[in-house]
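Okay, so here's the structure we're looking at.
The values are calculated or read from the model by the stated rules, or taken from the named source; none is laboratory data. What you see is a predicted model; the values in this text were computed from it and never measured. Counting neighbours? That spans all protein chains shown, and the Cβs are built from the backbone with ideal geometry, glycine included. The area values use the complete protein model at the heavy-atom level, side chains included, leaving out ligands, DNA and RNA. Shrake-Rupley method; radii C 1.70, N 1.55, O 1.52, S 1.80 Å.
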Amino acid sequence: MNQLFRIFQLVLTCQLALVSSHLMAALPQTINYQGVLANSGGTPVNTTVSMTFSVYNAPGSSMPLYVESQPAVVVTNGNFNVVIGSVTPISLGFDVPYWLGVQINADGEMSPRQPLAASPYAFRAASLDSAATVTGGQITGSLSGTLISGNLDGSKITGTINGAQINGTISNAIVDGGRLINTLNAPANIAMVSSTATVGNIMKGSSRFIHNFGVSNTFVGVNSGNFSLSGSSNTGIGTTALQALTTGFNNVALGSGALAANMNGNFNTAIGVGALAANISNISNTAIGAGALSANTTGGSQNTALGRNALSNNTTGSENIAIGMDAGSGLNTGSNNIYLNAPALAASEANTIRIGYTHSRAFIAGVQGSTVTGNAVLVNPGSGQLGVFASSSRFKEEIADIGAASSRLMQLRPVSFRYKAEFDEGEYGARLTQYGLIAEEVASIYPDLISRDVDGKILTVRYHFLPPMLLNEVQKQHRTIDTQNSRIETLEQELREIKTLLRSRLDSANRQ
């Protein structure tokens with residue numbers, strides 16, 4: 001040989017995770033290669049050389065299947081030790097014989113090539129590769145890119161199943177800390193039997209993740225539900241959903257923390273993060289939206305909250321309805337309220353309907369053209385509350401006659417007018433001539449007869465105050481007319497008597 005170096009006392013240790021194309025145990029994916037390097041005269045050397053390693057499928061093949069170069073291999077007293085595969089990953093199947101060729105620096109490849117022999121790891125892989133069924137066994141390594149076409153029957157996989165494909169059946173097997181990333185092709189199934197605290201569950205680490213503990217229950221999410229409940233027909237989806245449940249039944253919780261504190265409440269529906277989170281024993285509540293009815297605890301039942309933080313502060317109030325973000329959020333203990341995109345203005349208010357909050361106009365279909373009899377509706381200018389004008393004495397105090405207070409009505413100036421276009425959409429397109437008073441003029445004569453807006457500006461005349469004042473003036477005029485009529489009758493009687501006396505005297509004078 002015309003080689004500058006030669007290798008003798010070769011030691012090859014093939015420690016491979018690639019021995020089997022079907023099943024990879026947790027084996028080293030490298031080849032340990034040790035030897036003694038000497039010069040052409042046979043003297044061991046002390047130097048640093050470049051080594052190139054090539055793997056062939058035949059001793060005389062000209063096309064390597066794998067090549068790796070290690071540019072700085074340290075040789076001491078002729079001894080060197082390299083790990084083939086530490087630079088370029090080995091991707092061979094190792095299911096046929098292979099030969100190793102070695103080249104030093106720019107020298108030609110040494111001959112003869114060395115056949116690769118199996119290590120103890122390979123025997124383990126081979127035994128797994130030949131088995132179609134792993135029954136009662138344990139795989140503790142990693143299955144990476146491997147195909148398992150047999151059955152894992154009662155087996156335990158404690159490693160990671162990453163990119164692997166399992167075409168067989170996993171019967172009564174435990175996947176402990178592993179991951180199934182690819183598909184389980186038919187006829188493979190993951191069958192979740194009726195679960196107990198120890199079987200029939202899918203865990204995430206040590207936390208319950210998917211289980212159906214109890215009767216007709218379904219729980220999905222880290223620590224959703226629990227393994228001691230006795231309630232039935234519950235569904236909890238989301239982290240800690242229904243985690244405190246004991247005897248409650250027919251509850252639905254969708255969202256992290258939804259109904260998390262519920263123990264024995266029934267017929268509750270919570271959809272959204274933290275919805276009905278504090279509910280313990282209340283029944284028939286519906287909360288849809290993050291934080292909806294989140295403070296409801298033990299006294300509030302039959303509430304409906306739709307919207308983020310709707311009825312979020314309600315603790316013991318019942319039969320409330322709130323629709324819209326923060327709707328009814330100020331309510332604490334009040335009951336039988338309806339809030340439509342409006343907050344509660346008192347923590348304990350009851351039997352109240354609130355619609356809107358910052359709106360400046362309202363349109364209600366079904367009013368125009370609908371004829372009814374009853375009382376006119378008024379608006380309290382301070383609170384915006386709707387109601388009818390109360391006339392019963394039970395609502396009044398300091399009752400007194402109007403007296404002369406209405407005498408200034410004659411100073412008011414009735415006017416005809418049209419509203420400005422921006423304030424009058426017209427009746428079917430026509431802006432009508434209307435009749436009334438000017439509020440500013442009324443204010444100078446009757447200050448209590450005008451109403452102001454929220455900014456304190458004069459807004460309108462309290463026209464419903466006018467009829468009693470007009471009636472008072474009419475009654476005063478009627479009394480005056482009665483007095484005048486009585487006086488006229490007296491005068492007429494006196495006139496008749498005078499006429500009779502005059503006629504009598506004229507007749508007597510004529511006879512004389």
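Side notes on the structure shown:
- Neighbour cut-off at most 14 other Cβ (10 Å), DSSP loop, trypsin sites (Lys or Arg not before Pro), the stretch 396-431: LYS396, ARG418, LYS420, ARG431
- Heavy-atom accessible area ranking, 1.4 Å probe, most first, across TYR446, TYR463: TYR463, TYR446
- Accessible surface of THR269 - all protein chains present, 1.4 Å probe, nearest 10 Å²: 40
- In the stretch 38-108 the Cα-Cα distances spread across 10 Å bins starting at 0 as 18, 46, 28, 7 percent of all pairs.
- Using only alpha-carbon positions in the stretch 447-512, the gyration tensor eigenvalues give semi-axes of 60, 8, 5 Å once each is multiplied by 5 and square-rooted (largest first).
- Taking the accessible area of the stretch 396-486, probe 1.4 Å, and keeping the other protein chains in place, the carbon and sulfur fraction comes to 54%.
- Solvent exposure of ASP401, expressed as accessible area, is near 150 Å², computed with a probe of 1.4 Å over the protein chains only.
- Against the rule of thumb 2.2 N^0.38 Å, how large the Cα Rg of the stretch 381-485 comes out: 1.34
- Shape category assigned to the stretch 340-435 from the gyration tensor of Cα positions, a/c cut at 1.5: oblate
- Averaging Cα coordinates gives a centre for the stretch 421-447 and one for the stretch 243-265; these two points are 59 Å apart.
- Solvent-free Debye scattering, log10 I(q)/I(0), computed from the Cα coordinates of the stretch 260-368 at q = 0.09, 0.15, 0.20 Å⁻¹: -0.21, -0.52, -0.85
- Extension gain, LYS457 back to LEU506 (0.36 nm per residue minus Cα-Cα distance, nm): 10.0 nm
- Sequence-distant residues sharing a close amide H with ILE288 (under 5 Å, placed H): ILE271, ALA305, LEU306, GLY307
- Stretchable slack from SER61 to MET325, in nm (0.36 nm times residue separation minus alpha-carbon distance): 87.4 nm
- Orientation-averaged projection of the stretch 223-282 equals 2.8 nm² [convex hull of Cα atoms, one quarter of hull surface area].
- In terms of Cα atoms, the Rg and Dmax of the stretch 191-342 work out to 15.2, 49 Å.
- Approximate spin-label separation ALA72-SER216, in nm, with each point projected 7 Å along Cα-to-Cβ: 7.3
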